[in-house]
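**Student:** I am attaching a structure below and will ask some questions about it afterwards.
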Amino acid sequence: MSRRAFVGGLASLSSTLALGGCAGLAATGASFDASSLSADPTLLVTTTRKAVNGGRAKPWFGPERGSTVTALRAKLAPPDEGRLSLAAVGLADWHIDAVEPVPGEVSDLLAQAGGGPDLLIYVHGFKQTFETAVLDAARLSDAIRFRGQTMAFAWPSRAGLFDYAYDRDSAMWSRDGFERVLSSIVSAPGSGRVHIVAHSMGTMLTLESLRQLYARHGDTMTGRIGAVVFAAPDIDMDVFSSSINLIGPLAGKITVIAATNDRALALSGRLAGGMTRVGAAEKAAIARLGVRVIDASDAGWGIINHDLFLSNAEVQRVIRHSIDTTAA
């Protein structure tokens, strides 16, 4: 697909989403020049990782599996006292200054945070440390100029190239924890919608948690879930199809960003016995499952093309538009 076709695809998606009706920022005519993080560089974190150094000193949380879900606030340090924009200065100039555990439930974390009406949750993928997961969440939120609180869900990853099996098992092990996080948020009175962006192996965890959430709450909670974006989903097509059929109206909120030239997912498919991953499948095959699809095969010019949601401005605009226009 040519770059012109990709841009045309973005326009087509914008029209499709707009026709679906919306209760988002776009409907209000609002325009934002900066993210909430640019004014207050504080990120919410929930994690199923085991604490290191009591969770109060770097690396804070390691690759081992914790006994419970821990709620935190991560204070990010900007590079200077000027413009606090990750997009402007680059992620390498930012770091985590401090991590503060928050006693109580996830709902207590949100109540203390305040902020905008909606919440953005980022779920990382394979081969990530606690720190890289948190900073990627911040980078994404700032790049799409999200107004509201941002949360990273950090599950146990060994962050090693040859630890794929451990990471996959840890992702699946964390589905109950993430479902509890989501359940606590959607059950809290007075808060807005929850938007989720999940990457790679984190999409499998997210889909399973949404399946469990829907089984527990049914249609009573679907209005609290906004956009669900699966970026380069590392999920077997058959598993994805089966789960999609079990989440009711939530399936209509999903946007898949795929690229047939995603080298990381090609390797993952070989490790999985030659089964094509959703994020590397043809657009038509994914669309048949009833979800929105963007084919970003021509959006990246790198060797891997697995992190376009962080590196490509056009893909980031798709994410922002999904958030703004997904119907309640």
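The values are calculated or read from the model by the stated rules, or taken from the named source; none is laboratory data. All values derive from a computational prediction rather than experimental measurement. Heads up, the Cβs are rebuilt from the backbone with ideal geometry, glycines too, and the neighbour counts pull from every protein chain shown. Accessible surface areas use protein heavy atoms only, side chains included; no ligands, DNA or RNA. Shrake-Rupley method; radii C 1.70, N 1.55, O 1.52, S 1.80 Å.
**Student:** Test Met237 against the stated conditions and say whether it is without any contact (Cβ under 8 Å) to a residue 40 or more places away in the chain and open to solvent by 10 Å² or more (accessible area, probe 1.4 Å).
**Tutor:** So Met237 does not fit the description; no.
**Student:** Let me ask another. Output the number of residues of segment 256-273 satisfying the condition of being within 14 Å of Met201 (Cα to Cα) and in contact (Cβ under 8 Å) with a residue 24 or more places away in the chain.
**Tutor:** 9
**Student:** OK, next. Of everything in segment 281-309, what is assigned to a helix (DSSP H, G or I), under 14 Å from Ala232 (Cα atoms), touching a residue at least 40 places away in the same chain (Cβ under 8 Å) and open to solvent by 10 Å² or more (accessible area, probe 1.4 Å)? Give them in sequence order.
**Tutor:** Of everything in segment 281-309, just one residue is assigned to a helix (DSSP H, G or I), under 14 Å from Ala232 (Cα atoms), touching a residue at least 40 places away in the same chain (Cβ under 8 Å) and open to solvent by 10 Å² or more (accessible area, probe 1.4 Å), namely Leu308.
**Student:** A further question follows. Need the failing condition index for Gly226 against (1) over 16 Å from Arg168 (Cα atoms); (2) free of Cβ contacts under 8 Å to residues at least 60 places away in the same chain; (3) not polar (S, T, N, Q), just the number.
**Tutor:** (2)
**Student:** Quick test of your reading of the structure: Gly190 fulfils all but one of (1) outside any loop (DSSP other than H, G, I, E, B); (2) closer than 21 Å to Thr150 by Cα; (3) free of Cβ contacts under 8 Å to residues at least 60 places away in the same chain. Name the failing condition by number.
**Tutor:** The single condition Gly190 does not satisfy is (1).
**Student:** Restricting attention to segment 254-263, does a residue exist that is open to solvent by less than 40 Å² (accessible area, probe 1.4 Å), closer than 21 Å to Arg211 by Cβ and assigned to a helix (DSSP H, G or I)?
**Tutor:** no
**Student:** Mind telling me which of the residues Ile286, Ile225, Ile294, Ile247 ends up being β-branched (Val, Ile, Thr) and under 15 Å from the mean Cα position of the chain (by Cα)?
**Tutor:** Going through Ile286, Ile225, Ile294, Ile247 in turn, just one is β-branched (Val, Ile, Thr) and under 15 Å from the mean Cα position of the chain (by Cα): Ile225.
**Student:** In this structure, does Ala227 turn out to be modelled with pLDDT of 95 or more and in contact with a strand residue (DSSP E or B) (Cβ under 9 Å, 6 or more places away or on another chain)?
**Tutor:** So Ala227 passes the test.
**Student:** Still on this structure, I have one more. State whether one or more residues within segment 226-241 are within 20 Å of Val181 (Cβ to Cβ) and either among the charged types (D, E, K, R) or part of a helix (DSSP H, G or I) (or both).
**Tutor:** no
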